[in-house]
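The values are calculated or read from the model by the stated rules, or taken from the named source; none is laboratory data. Predicted model, so just to flag it, every value in this text is computed and none were measured. Neighbour counts run over all protein chains shown; Cβ positions are idealised from the backbone, glycine included. Accessible surface areas use protein heavy atoms only, side chains included; no ligands, DNA or RNA. Shrake-Rupley method; radii C 1.70, N 1.55, O 1.52, S 1.80 Å.
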Amino acid sequence: MISPPFATPPPRRLLVLSGSRSWCIAAANRLLEATEYRDTLWITDHQASRDKTTTSSGVKRHLGEERDALVIDAWAGFDPDTFGAAVGGVRGGGAVLLLTPPLKEWPDGIDPAMQRLAPWPWKGTELYSRFLQRLVGILTTSSLVQCYNPGHPPPGLPSPPSRPSPSADPICRSNEQRRAVEAILRVVHGHRRRPLVLTADRGRGKSSALGIAAARLLREGAGTILVTAPAKRAVTVLFHHARRGLPDSEESRGELSHQGGRIKFVAPDELIQRPQPADLLLVDEAAAIPAPLLEQLLRQHSRIVFSTTIHGYEGTGRGFAVRFRETLDRLTPQWRALHLTQPIRWPRNDPVEQFTFQALLLNATPADNRTMVGITATACKLAVLTQEQLIANEELLNELFGLLVLAHYRTCPNDLRNLLDTPGVTIHLLLYNSHVAAAAVTIGEGGVNEPLAKEIWLGRRRIHGHLLAQSLAVHAGFPEAAQLRYTRIMRLAVHPAATRRGVGTRLVREILQRNAGTGVDAVGTS
């Protein structure tokens, strides 16, 4: 039987309303009231509309939901993770409204989110945002965005988004998603020790496929399906689609029961400490779980599916794909991989998705492996950059951030803002043929006055952004420690094609030499 084609959803739109906060909110409300949009979510710190409202910290409670429109009030602070997470809920044909201060003024200390990045004794209002400088440059030059202000008000919004059209399969929403569900079922019905690795960018129906497959297995009579993830909230979408497939099921404390079977969430560490039998283990957002834990789960369970996002606010799946592949080849050489490319909620080349990837560097990649052929530590050139120099070189920024993403599974869009905006940050690079072979991000700490240092030692005060100084003062009982000056290595990464050649060692030595005789008392890391 040939499956009928799925309807392609229309593209989404990104509108920037730039002006005073009152004008932005009023303009957004006028636009929305003039449409027939039925479901709008505002992300703001005060009640700006009669529509559903949440704060930046509450966005994750709405993951898995679909809506016609999203309003992000950047006057409350621009959080890259929040933006990346929230725009994924807007269906094709919908709109994202970004409310900002006047764009030319926005980077100059207006954003409340700067306070989170301000180490003692800085205040957020004293800082200039290079991240926002780069973002404004993209907003004002990109053909993917429409910018409006009081002198150039928006003309209106398009018609309401279309709803998914009925198909032969009322649950799956693309042929790729249907194939993913079938591949998950084969892990249970086929040979043992043949795990499936399911990867996709956001919005491809990956987590939905896990939930759809889990529901089908329970309807077929499966006993126990275990689900694990970095946090319980990460499986919200999975359980939502499992409930849809099991309308008469019962749910309690992270467990869905249906006719003697169950879908149960268990944290990764608990699952390793107290192994439980299961017909299938589903590991969602596997890239955010340390590789040693994933290996233990692979050894414990003969039928297992690893699922992860390749580009997204949850962290990166690219480091997972590179590092964990060796483990899979060694322990389960007949493992299978399936990558989903077709978006579910919006069309290919959707302008909102393209903008999000560009603005948050979700598609940043390290230099091609071929650029590292013949590399030696002595052949590399040291480059020490300020944050200003870094944003002036987009190609270098892309390589650097791509390397940081590859090296650490928890790297997220907020880390890009931290890299560009946190005061005292210095970027050390070893370049080979003008490409990033290794990188270290450092920050200055300490230098606290004596009265404050004593308060820290006594446990009465904590100051932001001085990890080494406070740790030594409090945990080592060394009151003078907070008065000393430190250089802390926050991130250190070596290109995977340049490892075991002394490149990382040389970079650390270069940092030590550059700090000698500068008044820095110690170089360290945590």
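Selection of the stretch 255-275 for residues being open to solvent by 40 Å² or more (accessible area, probe 1.4 Å), touching a residue at least 12 places away in the same chain (Cβ under 8 Å) and out of contact with any Ser or Thr (no Cβ under 7 Å at 6 or more places or on another chain) yields Q259, G260, D269, P275.
Could you identify the single residue in G58, G84 that is without any contact (Cβ under 8 Å) to a residue 40 or more places away in the chain, assigned to a helix (DSSP H, G or I) and under 19 Å from the mean Cα position of the chain (by Cα)?
Values: G84 fails: without any contact (Cβ under 8 Å) to a residue 40 or more places away in the chain.
Within the list G58, G84, the selection yields G58.
Could you check how many residues of the stretch 460-514 are among the β-branched types (V, I, T) and assigned to a helix (DSSP H, G or I)? Write out each step before concluding.
Initial filter on the stretch 460-514 (among the β-branched types (V, I, T)): 463, 474, 487, 489, 494, 499, 503, 505, 508, 511.
Narrowing further to those that are assigned to a helix (DSSP H, G or I): 474, 503, 505, 508, 511.
The number of residues fulfilling the criteria is 5.
For the stretch 215-228, the tally of residues that are touching a Leu at 6+ places or on another chain (Cβ under 8 Å) and farther than 13 Å from P247 by Cα stands at 6.
The set of residues in the stretch 114-141 being open to solvent by less than 20 Å² (accessible area, probe 1.4 Å) and in a loop (DSSP other than H, G, I, E, B) consists of A118, P119, L127, S129. Remark: pairs (first residue in the stretch 471-492, at negative phi; second residue small (G, A, S) and part of a loop (DSSP other than H, G, I, E, B); Cβ separation under 8 Å; 6+ apart in sequence or on different chains) = S471/S526; V474/G459; Q483/G447; L484/G447; R485/G447; R485/G519; R488/S526.
Could you tell me which residue of the stretch 18-41 is farthest from G92 (Cα to Cα), considering only residues that are charged (D, E, K, R) and either crowded, with 16+ Cβ neighbours inside 10 Å or touching a His at 6+ places or on another chain (Cβ under 8 Å) (or both)? Explain how you work it out, then say what you get.
Within the stretch 18-41, the subset charged (D, E, K, R) is 21, 30, 33, 36, 38-39.
From what's left, either crowded, with 16+ Cβ neighbours inside 10 Å or touching a His at 6+ places or on another chain (Cβ under 8 Å) (or both): 21, 39.
Numbers: R21: 28, D39: 13 Å.
Per the criteria, the residue is R21.
Starting from residues that are of a type in the set (A, V, I, L, M, F, W, C) and open to solvent by 10 Å² or more (accessible area, probe 1.4 Å), keep the ones in the stretch 88-113 and report whichever is nearest to S208 (Cα to Cα).
As a first pass, look at the stretch 88-113 and keep what is of a type in the set (A, V, I, L, M, F, W, C): 90, 95-99, 103, 106, 110, 113.
Among the residues that remain, those that are also open to solvent by 10 Å² or more (accessible area, probe 1.4 Å) are: 103, 110, 113.
Working: L103: 38, I110: 39, A113: 32 Å.
My answer is A113.
Working only within the stretch 343-401, note down all residues that are surrounded by 14 or more Cβ atoms within 10 Å (Cβ to Cβ) and among the basic types (K, R). Correct list: R345 only.
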